[in-house]
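Heads up, the thing below is written out as structure tokens.
Please treat every number below as a calculation from the coordinates, not as lab data. Source: prediction; values computed, not measured. Cβ: placed from backbone, ideal geometry, glycine included. Neighbour counts: every protein chain shown.
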Amino acid sequence: MNWDAIRQLSERFSWTDARTSVRVTGFNPPEDAKDVERVAYHVRYVTLKGEVEQGQVVTLKVFPRQRQRMVQFVASKQVRRIRDYLIVSIDGIRIRTT
């Protein structure tokens, strides 16, 4: 799986379409979209200490050059940085990056 696939799985948005008033989920919301929100997803990853952690998170910010993302856990509101190459799975989809 490549880095773009990780982006598409982890940087999803939900918005209301301006023309049809239908709730849509996708990667890039249009400029005229209403009620734009980030979609939470379940992630399993390995910490730098070698521990496997998991939880529902929302991506807050992406650092593409460092291949990192700043995420916020939904339950605890804790903010962390996760390295993309340490992600094991996103929403049950196993990821192998090398």
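If you check 80, 19 for being of a type in the set (D, E, K, R) and in a loop (DSSP other than H, G, I, E, B), only one passes: 19. Within the stretch 67-76, the set of residues being closer than 12 Å to residue 40 by Cβ and either aliphatic (A, V, I, L, M) or not in a strand (DSSP E or B) (or both) comprises 71, 74, 75.
Restricting the stretch 1-26 to residues that are farther than 25 Å from residue 83 by Cβ, among the β-branched types (Val, Ile, Thr) and under 17 Å from the mean Cα position of the chain (by Cα) leaves a set whose member that is surrounded by the fewest Cβ atoms within 10 Å (Cβ to Cβ) is 25.
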